[in-house]
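Participant: Here you go, one structure.
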Amino acid sequence: MKNKKTVAVLYGGRSAEHEISLISAKNVLKAIDKNKYDIVEIHIDKQGLWTINNQAVQLLLNYGEGSIINQKTAEIVARIDVLYPVLHGPYGEDGTIQAVAKLAGLPCVGPNTLSSAVSMDKDVAKRLLQASNIKVAKFITIRKQSSDKPNFGEITKYLGNELFVKPANMGSSVGVSFADNEADYNKALIEAFKYDDKVIVEEKIKGREIECAVLGNYNPKSTVPGEIVPTTNFYSYKSKYIDENGAILQVPSKLSAELSDKAMKVAVEAFQCLECKGMSRVDMFLTDDNEFIINEINTIPGFTEISMYPKLWEYSGVSATELTGMLIEFAIEEFEYKSKLEYEYVAE
Ligand SMILES: Nc1ncnc2c1ncn2[C@@H]1O[C@H](COP(=O)(O)OP(=O)(O)O)[C@@H](O)[C@H]1O
Ligand SMILES: [Mg+2]
């Protein structure tokens, strides 16, 4: 009997965050304890083709089999026990891969399909958070197909003059713009609609950017918060990944113990509100009157050298190796809980 579980790490992917995924995956692969787990690397290219060692592959969806087959020869290339998606943005962080895992009968690291999909959709996520009395920025949702999109004047009446315009489903600040005049607002809409046919426009929140790393299934724990201090006008794609001096990450944040506790509490509430399991990074703003406003929940947070999620856990005494191990075990635990439920057809 094989006692080591095989973990398939999926990376790359079709989203605009393909490159970030490659960097995150490099660190995840390095961190996973090879004494405990065997690893299969599945690279997904920008067209969506899955390969293992340059062989085009496909996950065979025979329930519980976890076999990966060569698309051409139909031979089994690998057998796996757990899927570990390190994919950011659409087609990975949005519930799609999580659904593949469910169909295949495999544990999957991170939140499930429902939770991934709602967390990815900034409009739906905010509506759910609001319904649980968790504070979010005021926002308006605009659909590409709508024939009466609100113009700048109408928007500013409700949201004020300083606006953030973003695709509802995206990440890494791709398609996100700040606008405080009509021309920029119209440009921002065009930019955001490139990535999604649903866009949200938000009031600008004046505040500090605080992030908490949450881990666990039914008793999730948050790290102390970290703080992002962008040195440009906002935490853009460039300041996240390109410009080394684009943002300063403070781990831990310099918040008082009281505010730090409050942030951790809000982070866990938001995590549970969106039905997250395993992991998520909860991003929020802290306003001048010490109020936490949730910005977004990232269900597959970045795992690059400079990423907040692994850094916060490392600060809390959990190494990247321990962290990836815990994530894998949480996925298995959740899978086993769900396997005991009797929602499947049982022949009489
Ligand atoms: N309502 C807002 N008020 C102030 N800053 C914002 C607001 N929305 C976004 N930002 C800035 O833009 C960045 C990216 O926006 P975010 O919603 O986090 O998108 P993404 O999912 O791409 O990371 C944030 O980290 C923050 O710096
Ligand atoms: Mg963000």
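The values are calculated or read from the model by the stated rules, or taken from the named source; none is laboratory data. In this text, all values refer to a predicted model and were calculated from it rather than measured experimentally. Positions of Cβ are backbone-derived with ideal geometry, glycine not excepted, and every protein chain shown enters the neighbour counts. Areas reflect the complete protein model, heavy atoms only, side chains present, ligands, DNA and RNA absent. Shrake-Rupley method; radii C 1.70, N 1.55, O 1.52, S 1.80 Å.
Participant: Enumerate the calculated ³J(HN,Hα) couplings along the range 51-64 in order (Karplus 6.51 cos²θ - 1.76 cosθ + 1.60, θ = phi - 60°), each rounded to whole Hz, writing x wherever the residue is Gly or Pro.
Facilitator: Taking θ as phi minus 60°, the curve returns 9, 10, 6, 6, 9, 5, 10, 8, 7, 6, 8, 6, 3, x Hz for the range 51-64.
Participant: Right, something else. Run lengths n ≥ 4 of DSSP H only: what is the helix-derived mean residue ellipticity at 222 nm for the chain, with -39500 (n - 2.57) per run over all residues, to the nearest 500?
Facilitator: So the helix-based figure for the chain works out to -9500 deg cm²/dmol.
Participant: Please name which of M284, A270, M326 has its Cα lying farthest along the dipole of the range 228-348 towards the positive end, using unit charges on Cβ (Lys, Arg +1; Asp, Glu -1) and the Cα centre as origin.
Facilitator: Of the listed residues, the answer is M284.
Participant: Span-like helices, the chain: DSSP H, alpha-carbon axial extent 27 Å or more, mean Kyte-Doolittle -0.5 or greater, which ones? Please report the intermediate quantities before stating the final value.
Facilitator: On the way: long enough: 320-339 (28 Å, 0.12).
Span-like helices here: 320-339.
Participant: For the chain, report the accessible area per residue in Å² (1.4 Å probe, heavy atoms, rounded to an integer).
Facilitator: Per residue, the chain has an accessible area of 48 Å².
Participant: Take every Cα pair under 8 Å in the range 199-302 that's 6+ residues apart, average their separations, divide by the length, and report that relative contact order as a whole percent. Don't skip to the end; give the middle numbers.
Facilitator: Working: 191 pairs, mean separation 32.9, N = 104.
Answer for the range 199-302 is 32 percent.
Participant: Quick check on the range 109-230: what does the Kirkwood estimate of hydrodynamic radius come out to from the alpha carbon pairs, in Å? Walk me through the numbers before you get to the answer.
Facilitator: On the way: mean 1/r = 0.0633 Å⁻¹.
Result for the range 109-230 stands at 15.8 Å.
Participant: Also, I was wondering about something else. Could you give me the radius of gyration and the Dmax of the chain, taking only the C-alpha atoms into account and expressing both in angstrom?
Facilitator: Spelled out, the Cα radius of gyration and Dmax of the chain are 20.5, 68 Å.
Participant: Still on this structure, please answer the following. How charged is the neighbourhood of D196? Take every other residue with its Cβ under 15 Å from the Cβ of D196, and add Lys/Arg as +1 and Asp/Glu as -1.
Facilitator: On the way: positive: R14, K122, K126, R143, K144, K149, K166, K194, K198; negative: E17, E93, D94, D121, D123, E191, D197, E202, E296.
With Lys, Arg at +1 and Asp, Glu at -1, the neighbours total 0.
Participant: Further question: Within the accessible area of the chain, what % is carbon and sulfur when the probe is 1.4 Å and the other protein chains stay in place? Write down the numbers at each step before the final one.
Facilitator: On the way: 8390 of 16660 Å².
Accessible surface attributable to carbon and sulfur in the chain totals 50 percent.
Participant: I've got another one for you. Which GluC sites (Glu not before Pro) in the range 1-92 pass both tests, a DSSP loop state and at most 16 other beta-carbon atoms within 10 Å?
Facilitator: Values: sites: E17, E19, E41, E65, E75; in loops: E17, E65, E75.
Within the range 1-92, the qualifying GluC sites (Glu not before Pro) (loop, at most 16 other Cβ atoms within 10 Å) are E65, E75.
Participant: Also, I was wondering about something else. Give the residue list of chymotrypsin sites (Phe, Trp or Tyr not before Pro) in the range 194-283 that are DSSP loop and have at most 15 other beta-carbon atoms within 10 angstrom.
Facilitator: Y218, F234
Participant: Sticking with this structure for a sec: In the range 86-155, which trypsin sites (Lys or Arg not before Pro) fall in coil by DSSP and have 12 or fewer other Cβ atoms within 10 Å? Walk me through the numbers before you get to the answer.
Facilitator: On the way: sites: K102, K122, K126, R127, K135, K138, R143, K144; in loops: K135, K138, K144.
Answer by residue number: K144.
Participant: Structure shown: which of K277/K340; K144/K194; K238/K262; K254/K311; K102/K340 lie over 19 Å apart, alpha-carbon to alpha-carbon?
Facilitator: K238/K262
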